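The values are calculated or read from the model by the stated rules, or taken from the named source; none is laboratory data. Everything numeric here is computed off the predicted structure, so don't read it as measured data. Every residue, glycine as well, gets a Cβ built from its backbone with ideal geometry; the counts of neighbours run over all protein chains shown.
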Amino acid sequence: MPAFPIHKYLLFLLLLTTSTAVIPDVTDKELDFSDDITLLKSALMELHPGYRRYIDEKTLNANWDTLAAQSQNTSVLTFYSEVSDVLSDIRCEHTKAELPENYEKQKKANMLPFTVKIFDNNMFIDKNTLSLSKGTEILSINEVTSADILARIRSLVAIDGYTEHTIDRKIEQDFDLVGSNLEEFLAPAALGLDEYPSSYTLSVRENDVEKVITVSTIDFQQWIKMAEVKYRKDFKDSVFLEIDDELATLTVDTFVNYRQPVDPDVLFDGVFEQIRNAKVQHLIVDLRNNGGGSDDAQLALMRHLFNSPFRINDAAWVANKHIRRWKDKITTWDDTVFSFLLPFVTSSDDIGRKIPSIFIGDNYELQKPAANAFTGRITVLTSKNNASASAGMLAHMQKQPHIRLVGEPTGGNQGGVTASMIGFLKLPKSGITVRIPLIRNRYAIDDAKDGVGVEPDVLIEASMQDWLLDRDAAMQFAKSN
């Protein structure tokens, strides 16, 4: 049977953003979302194999009751924030809500004219179109203090397990939500607005001088230019090699290899041939901007870094209720999901129904090192941006004696993530779409700690002073040690 790699799920997200489905007008207010709540609760209970992984049934039911009470006669945007709050308690990064199309367009037309960095519960201006100095402190927005804004948004951010240390990084920037969690939730959740406004009032402190300014929003293309980032990076454009005598630095910013696919083994064969010819003794692999992506790219890199055979996953489950019951309500990238699992799953256990590994794909097969795999010393740079597949890969890397991890603790879950195949449930009243992962995986890692990411061998977290001075402390350490 075919495997269902995560890159197909990401491709479906791109198709979803161009949907022409009819959804509520952005001015809809005071609607009753009871039917949406009933539908969503049933779908998660029946289809999500990690639904009760980190939270007990009593608390889950209490959350649904609270949502039902809050959602009477409320707006779509407020309901969206409330749904996100309930979903975040499931502690699965792949379980999250998406804005209805019209609201997504409205948000992209009204992006903040600045990006932020968060240190010690305070927000500071980073890139901006306002002629404000880098490091200018944001004291309040629309008279809501930065501390209150952060507190209100943090509870809505989807993370895996107990990786709360990654939340502020997702508030700063999270392209899975087109921009960041700050862009997504500032207006509805932190400021209590029913629309994404065209301007905000900021109280800031710049060079010890406080002032109040009104700022107009910018559109998404302007935001991308301001932020100096590439939206939806492709694997083929995200691999960089620098060689300096016997030291080489390999940067891989994403594993997304589905929009403009290339053969990752061929790409890495060329890269590692250069490394071998240069007689490199120490290889630094910078994965700090890598949040995962396509299985083929991830496996190809691992084959070129590992010196012994390895296997990514050793078990997988689906929920006890079969998705066929939801065929008229759930969409996904391949309709065979509605039938392929049923004949091949074993009896249920406390997680769900176990899937034989022969039907899952390359991540469950024993992988051998590439012919030109690097055999010298390897330092891998980590960050709070690492999640999902990239964090899982780092957990495997940490078991390799010739690899050390340097940098920040990661997101993700070394016990395995619930992902692989994603169902998309469109809530008919609100127009909100909720992603429901359908397969729970377990990584083939001895003594893996469920619910946490990876702690680096050498902890180096970027400080505010490092940021202000554009100083890369982790890279400096890796090169000199």
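Of the residues making up region 446-459, those that are surrounded by fewer than 20 Cβ atoms within 10 Å (Cβ to Cβ), among the aliphatic types (A, V, I, L, M) and assigned to a loop (DSSP other than H, G, I, E, B) number 1. Looking across region 53-92, the residues that are within 22 Å of G431 (Cα to Cα), among the β-branched types (V, I, T) and out of contact with any Leu (no Cβ under 6 Å at 6 or more places or on another chain) come down to T66, T74, V76, T78, V83, I90. Picking from residues in region 334-378 that are modelled with pLDDT under 90 and among the small types (G, A, S), the one that is nearest to the chain's Cα centre (by Cα) is G361. Inspection of region 200-216 finds no residue satisfying the criterion of being touching a Phe, Trp or Tyr at 6+ places or on another chain (Cβ under 8 Å) and aromatic (F, W, Y). Put simply, of G161, G135 the only residue that is closer than 30 Å to Y54 by Cα, in contact (Cβ under 8 Å) with a residue 60 or more places away in the chain and either surrounded by 15 or more Cβ atoms within 10 Å (Cβ to Cβ) or not assigned by TED's automatic domain parsing to the domain that holds S383 (or both) is G161.
Scanning region 207-226 for residues that are under 13 Å from L112 (Cα atoms), charged (D, E, K, R) and modelled with pLDDT of 95 or more yields a single hit, D219.
Screening S88 with (1) over 16 Å from D194 (Cα atoms); (2) modelled with pLDDT under 60; (3) hydroxyl-bearing (S, T, Y) gives one miss only, at (2). Among the residues of region 228-265, those that are assigned to a loop (DSSP other than H, G, I, E, B), more than 26 Å from Q476 (Cβ to Cβ) and under 19 Å from the mean Cα position of the chain (by Cα) comprise Y231, R232, D234, V256, N257, Y258, R259.
Scanning region 131-182 for residues that are within 23 Å of N289 (Cα to Cα) and of a type in the set (S, T, Y), we see that the one that is modelled with the lowest pLDDT is S180. Of the residues making up region 381-407, those that are free of Cβ contacts under 8 Å to residues at least 60 places away in the same chain and buried (at least 17 other Cβ atoms within 10 Å of the Cβ) are A395, Q398, R404, L405. Test S216 against the stated conditions and say whether it is touching a residue at least 60 places away in the same chain (Cβ under 8 Å), loosely packed, with under 13 Cβ neighbours inside 10 Å and of a type in the set (S, T, Y). Spelling it out, S216 is indeed touching a residue at least 60 places away in the same chain (Cβ under 8 Å), loosely packed, with under 13 Cβ neighbours inside 10 Å and of a type in the set (S, T, Y). If you go through region 86-114 and keep only what is touching a helix residue (DSSP H, G or I) at 6+ places or on another chain (Cβ under 7 Å) and under 18 Å from A189 (Cα atoms), you end up with V86, D89, K96, A97, L99, P100, Y103, K107, K108, M111, L112.
Considering each of F338, F268, F272 in turn, give the residue that is in a helix (DSSP H, G or I), without any contact (Cβ under 8 Å) to a residue 40 or more places away in the chain and in contact with a helix residue (DSSP H, G or I) (Cβ under 7 Å, 6 or more places away or on another chain).
Working: F268 fails: without any contact (Cβ under 8 Å) to a residue 40 or more places away in the chain; F272 fails: without any contact (Cβ under 8 Å) to a residue 40 or more places away in the chain.
From the options F338, F268, F272, the qualifying one is F338.
Among residues of region 139-155 that are assigned to a strand (DSSP E or B), those with a beta-carbon under 9 Å from a residue that is basic (K, R) and crowded, with 18+ Cβ neighbours inside 10 Å at least six positions away or on a different chain give the pairs V144/R152. Criterion applied to I432, I378 was being in contact with a strand residue (DSSP E or B) (Cβ under 8 Å, 6 or more places away or on another chain) and surrounded by 24 or more Cβ atoms within 10 Å (Cβ to Cβ), and the one residue passing it is I432. Look at (1) crowded, with 19+ Cβ neighbours inside 10 Å; (2) without any contact (Cβ under 8 Å) to a residue 40 or more places away in the chain; (3) over 18 Å from the mean Cα position of the chain (by Cα) and you find that V86 fails only one, number (3). The single residue among T115, T74, T66, T78 that is surrounded by fewer than 23 Cβ atoms within 10 Å (Cβ to Cβ), free of Cβ contacts under 8 Å to residues at least 40 places away in the same chain and either among the β-branched types (V, I, T) or within 14 Å of L40 (Cα to Cα) (or both) turns out to be T66.
For region 360-367, the criterion of a residue being surrounded by fewer than 20 Cβ atoms within 10 Å (Cβ to Cβ), assigned to a helix (DSSP H, G or I) and outside the structural domain of D335 (by TED's automatic domain parsing) is satisfied by at least one position. Applying the set (1) part of a helix (DSSP H, G or I); (2) of a type outside the set (S, T, Y); (3) surrounded by 18 or more Cβ atoms within 10 Å (Cβ to Cβ) to R325 leaves exactly one unmet item: (3). Here the condition is being surrounded by 14 or more Cβ atoms within 10 Å (Cβ to Cβ), over 20 Å from A373 (Cβ atoms), of a type in the set (V, I, T) and in contact (Cβ under 8 Å) with a residue 24 or more places away in the chain; of T254, T249, it holds for T254 alone. Of the residues making up region 156-201, those that are outside any helix (DSSP H, G or I) and charged (D, E, K, R) are D160, D174, D194, E195. For region 281-294, the tally of residues that are surrounded by fewer than 21 Cβ atoms within 10 Å (Cβ to Cβ), touching a strand residue (DSSP E or B) at 6+ places or on another chain (Cβ under 6 Å) and in a loop (DSSP other than H, G, I, E, B) stands at 0.
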